[in-house]
Amino acid sequence: RKLPLGEGLEKHPLENRWALWFFKNDRNRVWQDNLHLVTKFETVEDFWAIHSHIKLASKLSSGCDYALFKDGIEPMWEDSRNKHGGRWLVSLAKQQRQSNLDRLWLETLLCLIGEAFEEYSEEVCGAVLNVRTKGDKIAIWTSEAENQPAVTFIGRVYKERLGLSPKVIIGYQAHADTATKSNSFTKNKFVV
Amino acid sequence: EKKRYDREFLLGFQFIFASM
């Protein structure tokens, strides 16, 4: 049958509006000046339009980051929605940049925009990708590190969605611990 | 009602927009 004009053309709204950020390391500038808001979107269609036209994670230069955060939350510890929170951190081996990074980052984005964590999705602030020579990192940030039921539920679902082996352990670190660490090791508050 | 989408639904839109 013929569709009435406009029927079927509505975009699919997301639960949240999301902001995509890009960080490019320039040591001559302060950290915050290297962080750029790329765009915001709030429909499934606009997400793919953007994702399909930006560089894949594996093609970014070392020192660059992507971050996807709910509109109104800046991708930094200092934001009021982040400062009591923490992150589920997935650290990748160097060789996984070519084999796995793009798939894992896309899966992370789909978890966020699809609200994969059921009632605990409200605890999610965003996700960060760090492209680094020594090994890339992906993390989901949540807003309250002390909220054990939410944090552990999110961790279990996230690990399953990434398709990680049960033998692989991922850890949740409070931003407060990461910010005050005296070496490169931050203790895990939770693991799944 | 919360707008939740599973991965298969979301992935279904991928190649439409990759070609635009």
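The values are calculated or read from the model by the stated rules, or taken from the named source; none is laboratory data. The model shown is predicted, which means the values in this text are computed figures rather than measured ones. So basically every Cβ, Gly included, is an ideal-geometry build from the backbone, and we count neighbours across all protein chains shown.
General observations
- The set of residues in segment A:16-44 being surrounded by 18 or more Cβ atoms within 10 Å (Cβ to Cβ) and in a helix (DSSP H, G or I) consists of A:VAL44 alone.
- Residue within segment A:105-114 that is more than 22 Å from A:GLN148 (Cβ to Cβ), modelled with pLDDT of 95 or more and small (Gly, Ala, Ser) present: yes
- Figure legend. Inter-residue proximity from segment A:39-61: first residues more than 14 Å from chain B (Cβ to nearest Cβ), second residues surrounded by fewer than 17 Cβ atoms within 10 Å (Cβ to Cβ) and among the charged types (D, E, K, R), beta-carbon distance below 9 Å, spacing 6+ or different chains. Indicated pairs: A:LYS40/A:ARG17; A:LYS40/A:ASP71; A:ALA57/A:ASP102; A:SER58/A:ASP102; A:LYS59/A:ASP102; A:LEU60/A:LYS24; A:SER61/A:LYS24.
- Among the candidates A:ALA93, A:ALA67, the residue that is within 23 Å of A:THR133 (Cβ to Cβ) and under 11 Å from the mean Cα position of the chain (by Cα) is uniquely A:ALA67.
- Any chance A:GLY86 is buried (at least 20 other Cβ atoms within 10 Å of the Cβ) and not hydrophobic (A, V, I, L, M, F, W, C): yes
- A:GLY171 vs. criteria more than 14 Å from chain B (Cβ to nearest Cβ), within 25 Å of A:LEU37 (Cβ to Cβ), touching a residue at least 60 places away in the same chain (Cβ under 8 Å) and of a type outside the set (D, E, K, R): no
- Some residue of segment A:149-156 being in a strand (DSSP E or B), farther than 23 Å from B:LYS3 by Cβ and touching a strand residue (DSSP E or B) at 6+ places or on another chain (Cβ under 7 Å): no
- Taking the criterion of being free of Cβ contacts under 8 Å to residues at least 60 places away in the same chain, within 14 Å of another protein chain (Cβ to nearest Cβ) and not polar (S, T, N, Q), the residues of segment A:69-113 that qualify are A:LYS70, A:ASP102, A:ARG103, A:LEU104, A:TRP105, A:LEU106, A:GLU107, A:LEU110, A:CYS111.
- Only a single item in (1) within 14 Å of chain B (Cβ to nearest Cβ); (2) assigned to a loop (DSSP other than H, G, I, E, B); (3) modelled with pLDDT of 95 or more is not met by A:LEU9, and it is number (3).
- Qualifying residue in segment A:77-95 (condition: at pLDDT below 95, part of a loop (DSSP other than H, G, I, E, B) and farther than 21 Å from A:THR186 by Cβ): yes
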